[in-house]
Amino acid sequence: MIKQDKLSDNALDFIDDHKLTALIERPEPEAAQVKEIIAKSLSKTPLQLDETAVLLRTTRPELVEEIFEAARKLKRDVYGNRIVLFAPLYIGNYCVNDCRYCSFRRSNKEAVRRTLSPQEIVQQVEALEDKGHKRLILVFGEHPHYNAEFIAETVGTVYKVKKGHGEIRRVNINAAPLDHEGFKIVKEAGIGTYQIFMETYHHETYQQVHPQNTLKGDYLWRLDALNRAFESGCDDVGIGALFGLYDWRFEVLGLVAHSLFLQEHYGVGPHTISFPRLQPALGAETQYPYLVNDYDFKRLVAILRLSVPYTGMILTARESAELRREILAFGVSQIDAGSRIEIGGYTEIGDAQVQILEKEQFQLGDLRSLDEVMRQLLEDDYLPSFCTSCYRLGRTGEHFMEYAIPGFIQNFCTPNGILTLAEYLEDYASPETQSAGKALIERELRKINNKRIIETVKKRLAQIQNENKRDLYL
Ligand code: SAM
Ligand code: SF4
């Protein structure tokens, strides 16, 4: 059940506004200190808050360039060239809250309200499978109807849809904070990551943009949500801040503080960090003194990468194709592609390069199809991956070995990425994407130095191409 009353009394407030503000207000650091912290990060050690703050206070262009370069290097060292792809599926936009930045806010009378029926969900998922998607994030407004049971049922509906070779192998959630019981129910349903963005970690701003008389007005209920998730067995969680509501440097410290808190209390940090940037939205307020420009956005992504070397980072289609291309190199591990955020948008709007503002939550910056995004990734020498094997083999949360075990990426992630790419090329790719993909697979195979793994991958590639087999992973 979504919480109906304010019951966050037992929640611990681990965000100290005064401390975070003091950290970003100190003077510009010496170059030697900045370089020392960059070196620590390059040795793949997570940064403490004061160290992150030093990078945030660095404004000299040549040092900022060093931060960018270090983020690019860390991304290559830790993650290699894989980029995981997913799509959002908006299930319903009824909302009892009144977040000042969002089109779904209850006071927006122009919003076209709708909840997909089970049949409509099937149609949307079929359309997504027809494009080649294997991983979705389901997005919900906050409303008593969208309770844990409803979310769980929806997840079940999505997993059951199989069209041709299509199937959704991982369903993540972005929805309201649940109570302990609720998190247990959605975990049972087989969700992947449960994602909740704090929006702003700054208490005063939080109260300004989320009216007190709404469910979301309770800062601590939201801050404590992922603690309840862990305590209920959901060990795969995503955090995020909506950049543009308050000073971006404060929000970066909030995100790092949140990560450190989860790591310290539950032995594992968040699986992913998201950094959505405020976009124009119908019915939303328009006066925002803290909007983040592209340069600072690049800085914040690079600094986050350096601060939390082992956390996945998600860059969404809110940003333009051009900027996404540039920022990918700074440490992004997941992107969405071919996204439609109108309810029903995958069948009712399809690939059209238009948006219907009355029907969507905010404006998107990258409307390219999945195939176009795949092609560009391949041409830029990224390995687009739909891999879900860790999660399906129970390798999540504290069992998440991707970064902990030396050679894991070489031995599992890259081979599995290649196999999911090969499936995509066989079943969904345009001829141009197919040839770019085949060339990339050749290049990737040449990079693997374990003969046994090369043989296994080649055997499975042949099974995909000649025997019509799917869902093969190591
Ligand atoms: N209703 C749930 C909630 O608020 O957490 C989940 C869904 S909400 C539709 C998903 C996220 O969209 C929010 O957490 C917020 O960060 C983001 N969002 C809302 N309005 C936005 C805007 N104008 N521009 C960019 N992102 C926005
Ligand atoms: Fe509702 Fe979420 Fe939008 Fe707030 S951000 S109005 S809770 S959908």
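Of the residues making up the stretch 137-164, not one is among the aromatic types (Phe, Trp, Tyr), in contact (Cβ under 8 Å) with a residue 40 or more places away in the chain and surrounded by fewer than 19 Cβ atoms within 10 Å (Cβ to Cβ).
For the stretch 181-194, the condition of being touching a Cys at 6+ places or on another chain (Cβ under 8 Å), closer than 24 Å to Arg106 by Cα and among the aromatic types (Phe, Trp, Tyr) holds for at least one residue. Every test in (1) in contact with a His (Cβ under 9 Å, 6 or more places away or on another chain); (2) surrounded by 21 or more Cβ atoms within 10 Å (Cβ to Cβ); (3) on the phi < 0 side of the Ramachandran plot is passed by Glu199 save one, and that test is (3).
Pairing each residue of the stretch 432-443 that is touching a residue at least 24 places away in the same chain (Cβ under 8 Å) with any residue that is among the charged types (D, E, K, R) and assigned to a helix (DSSP H, G or I), provided the two are 6+ apart or on different chains, yields C-beta distances under 7 Å for Glu432/Arg375; Thr433/Asp371; Thr433/Arg375; Ala436/Arg375; Ala436/Glu379. Checked against the criterion of being surrounded by 19 or more Cβ atoms within 10 Å (Cβ to Cβ), in contact with a strand residue (DSSP E or B) (Cβ under 6 Å, 6 or more places away or on another chain) and acidic (Asp, Glu), the stretch 116-135 has at least one qualifying residue. The helices (runs of 4 or more DSSP H) found wholly in the stretch 1-92 and carrying at least 3 residues that are surrounded by fewer than 16 Cβ atoms within 10 Å (Cβ to Cβ) occupy 17-25, 31-42, 61-79. Residues that are away from ligand 1 (no atom under 15 Å from the Cβ), at pLDDT 95 or above, surrounded by fewer than 18 Cβ atoms within 10 Å (Cβ to Cβ) and of a type in the set (Val, Ile, Thr) do not occur anywhere in the stretch 246-255. Residues that are within 16 Å of ligand 2 (Cβ to nearest atom) and touching a Leu at 6+ places or on another chain (Cβ under 6 Å) do occur in the stretch 244-252.
One residue stands out in the stretch 122-141 among those that are within 19 Å of the chain's Cα centre (by Cα), outside any loop (DSSP other than H, G, I, E, B) and more than 16 Å from ligand 1 (Cβ to nearest atom): the one that is nearest to Tyr194 (Cα to Cα), namely Arg135.
Restricting attention to the stretch 165-202, the residues that are touching a residue at least 40 places away in the same chain (Cβ under 8 Å) and closer than 17 Å to Ser274 by Cβ add up to 16.
The values are calculated or read from the model by the stated rules, or taken from the named source; none is laboratory data. This one's a predicted model, so the numbers in the text were calculated from it and none came from an experiment. Counting neighbours? That spans all protein chains shown, and the Cβs are built from the backbone with ideal geometry, glycine included.
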